[in-house]
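The block underneath contains the structure these notes are about, expressed in structure tokens.
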Amino acid sequence: MNVRAFMITVTSVTSVSEAPSAAASSAPPAPARPVSQVATALELLLVYSGILLYIWRWQTTHPRAWAPLLAVVLVSHIAHRDTARKLGLTTVGLRTNAEAVLPLMAALYLPLLAYGFARHTLALVAPGAQTLKWFTSYGLWAAFQQYLAQSYFHNRLMSVVRSRRLSSLLVGIMFGATHIPNPVLVGATTIAGIIFSEAFARHRNIWPLALAHTAGAFLIAAVAPASLIHNMRVGPGYFFYCVR
């Protein structure tokens, strides 16, 4: 065998041996191991149960119980090696997320705006200090809710549930259930939760979601009947709110 033939043979053998490696590198990531999936599912169940218990019981009997719940979430981020980008807390995906969710939510909010102006519960006035304060404070609260719903719960569910649509549906239902028994908020947050989850699954960023959440809360608070909205209270506080 001459040198040229020998080199051709070696090259062909090397190409064949490297083919499986190249195919493996281009394949999608393998799903989490069954044990890891079970552990993640149990973690989600524990944290979500704790949130429901806090809403219905602990906020009056153990008002600081939110601290250990938040600690579990933060420790989970460390254990799973979550990055700010994976959690949707950076500017990556900000524009694409906004382009996906804000026009849709604006279309949903237009009927509320029309209803509010028709019923004179909304009026075009220059925003005062109190309005700006409300938007700022509630905006922070909305961002925190989206952080829990998307950055934590949806991230974890997507590692357990293969279907992104199913995980988005579950997050929406879970988000809506935390607003029981308020009928207005349960319906609104379930629908919005599904839409926000779909947007987050495609474009990991929570900031446009928080903005849409804040605007929607403002409109609902303005146009919903007081006999139903009960000052946007949830849990047992809904039953003890007196409409004046």
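Using r as the Cβ-Cβ distance of LEU124 and LEU104, and R0 as 22 Å, what FRET efficiency do you calculate, to the nearest 0.05? Using R0 = 22 Å, I get an efficiency of 0.35. Label 7 Å along Cα→Cβ of TRP56; segment 221-241 residues with amide nitrogen under 13 Å? So the set is 235-237. Applying 0.36 nm per residue to the separation of ILE78 and ALA114 and subtracting their alpha-carbon distance, the gain on full extension is 8.4 nm. Taking a point 7 angstrom from the Cα of ALA67 along the C-beta vector, which residues in segment 221-239 have backbone N less than 20 Å away? No residue passes the distance filter. Put a dot 7 Å past the Cα of LYS133, heading toward its Cβ, do the same for ALA39, and the two dots end up 4.7 nm apart.
Readers should treat all values here as calculations from the given coordinates under stated rules, not as data from a laboratory. All figures in this text were calculated on a predicted structure; none of them were measured in a lab. A quick note on method: Cβ atoms are made from the backbone with ideal geometry, for glycine too, and the neighbour counts reach across all protein chains shown.
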